[in-house]
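Please read the structure below before turning to the comments.
The values are calculated or read from the model by the stated rules, or taken from the named source; none is laboratory data. All values reported here derive from a predicted model rather than from experimental measurement. Every residue, glycine as well, gets a Cβ built from its backbone with ideal geometry; the counts of neighbours run over all protein chains shown. Heads up: the accessible areas ignore ligands, DNA and RNA and are worked out on the full protein's heavy atoms, side chains in. Shrake-Rupley method; radii C 1.70, N 1.55, O 1.52, S 1.80 Å.
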Amino acid sequence: MQRKRKKIRKMTRSLKSKTAVLAVAAMMVLSLAGCGKKEEEPYISPSFNNESDDNQKYDPTVENSSVTDATYGDAELMYDAEPSGQEMSEAVKASMSDPLEAGVYGEGIYYNSMANFAINVNETNWSFYDAEGVAAATGLSVEDVDNFWYGYKTTQDAETSYCCIAYDNKTGSNIIVSYVNPSVTLFPEITAEDYLAMALNRYDNLLVKRIKFLGDTWACLDIPADQNPAGRRVCYAKKSGDILILVTFTMQDDQELSEAQELFSRLK
């Protein structure tokens, strides 16, 4: 009986530890500082105690009361666009026929077949970071970024993988496209809504909402500027197989979210 109790306590500690790690991952994705310009007060990521009351087992059978459907008042968060009419180069077409998880770049456009969208920065104030810039913004090595971008590593090799960072040269607003593999630290069945909801205890009176973005349903967490030192942060998340796809907008200098959304178009 004593052995059984020890085993149960050990399993409980392991579960709490895994939940805490995933909570930290959710917060890190939502708390990357503005990449386009230096902040006067950079964001400090919180620490989590494995024995915290917040670190509870994820149960897919329990409905999350922190999640709701968007209403007409949330129209700004919803964005759709016709499939891109932009002509792809032959090199990009070849890459898309056997796509890399990280997506591909071509002539000022980032293509992501897994998320089914393109980001076009041509004739705008926006630019893309190269691998060195993404590494500097995320704390990874350039080798880590390149290995994922060129297919030497996959989403199965890391908890979080960064595909693309675009930034506005004037305001410092940025867009981060990333993947999270919850199987690394917790449960593959966790939903996009519940993943974003893990960050709610840092904020006041916020809910995760289900919205329409580029013709698909995404979970959305909209953090106002008065609750985030880096500016307004809007995170969209959806599941593709076991992988969570995240698109995180950080809007600075009162720049409108629509100005960043308009860079997106559907691939098909």
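If you go through the stretch 203-212 and keep only what is open to solvent by 40 Å² or more (accessible area, probe 1.4 Å) and in contact with a strand residue (DSSP E or B) (Cβ under 9 Å, 6 or more places away or on another chain), you end up with Leu207, Lys209, Arg210, Lys212. Here's a check for you: in the stretch 225-268, which residue that is touching a strand residue (DSSP E or B) at 6+ places or on another chain (Cβ under 7 Å) and hydroxyl-bearing (Ser, Thr, Tyr) is surrounded by the most Cβ atoms within 10 Å (Cβ to Cβ)? The residue in question is Thr250. For the stretch 186-202, the set of residues classified as surrounded by fewer than 19 Cβ atoms within 10 Å (Cβ to Cβ) and not hydrophobic (A, V, I, L, M, F, W, C) consists of Pro188, Glu189, Asn201, Arg202, listed by residue number. Looking only at residues in the stretch 154-171 that are part of a loop (DSSP other than H, G, I, E, B) and either open to solvent by less than 50 Å² (accessible area, probe 1.4 Å) or β-branched (Val, Ile, Thr) (or both), the one that is nearest to Met251 (Cα to Cα) is Thr171. Evaluating Gly215 against the criteria (1) open to solvent by 10 Å² or more (accessible area, probe 1.4 Å); (2) touching a residue at least 24 places away in the same chain (Cβ under 8 Å); (3) within 16 Å of the chain's Cα centre (by Cα) leaves one unmet condition, (3).
In the set (1) free of Cβ contacts under 8 Å to residues at least 40 places away in the same chain; (2) farther than 16 Å from Leu244 by Cβ, Thr124 fails one condition alone, (1).
Residues in the stretch 218-239 that are over 19 Å from Ser178 (Cβ atoms) and of a type in the set (S, T, N, Q): Gln227 only. Of all the residues that make up the stretch 136-181, how many are among the charged types (D, E, K, R) and in contact with a Gly (Cβ under 8 Å, 6 or more places away or on another chain)? Going through the stretch 136-181 one residue at a time, the tally reaches 1. Return yes or no: is Gln261 without any contact (Cβ under 8 Å) to a residue 60 or more places away in the chain and touching a Phe, Trp or Tyr at 6+ places or on another chain (Cβ under 7 Å)? Considered against the rule, which asks whether it is without any contact (Cβ under 8 Å) to a residue 60 or more places away in the chain and touching a Phe, Trp or Tyr at 6+ places or on another chain (Cβ under 7 Å), Gln261 comes out as no. Taking (1) farther than 27 Å from Lys212 by Cα; (2) more than 15 Å from the chain's Cα centre (by Cα) in turn, Thr138 satisfies each apart from (2).
Looking only at the stretch 172-180, decide whether some residue is open to solvent by 30 Å² or more (accessible area, probe 1.4 Å) and not acidic (Asp, Glu). There is no residue in the stretch 172-180 that is open to solvent by 30 Å² or more (accessible area, probe 1.4 Å) and not acidic (Asp, Glu). If you take the residues of the stretch 111-153 that are touching a helix residue (DSSP H, G or I) at 6+ places or on another chain (Cβ under 7 Å) and not in a helix (DSSP H, G or I), which of them is surrounded by the most Cβ atoms within 10 Å (Cβ to Cβ)? Here the answer is Tyr111. Tyr203 satisfies every condition listed in (1) closer than 23 Å to Asn125 by Cα; (2) more than 15 Å from the chain's Cα centre (by Cα); (3) among the hydroxyl-bearing types (Ser, Thr, Tyr) except (1).
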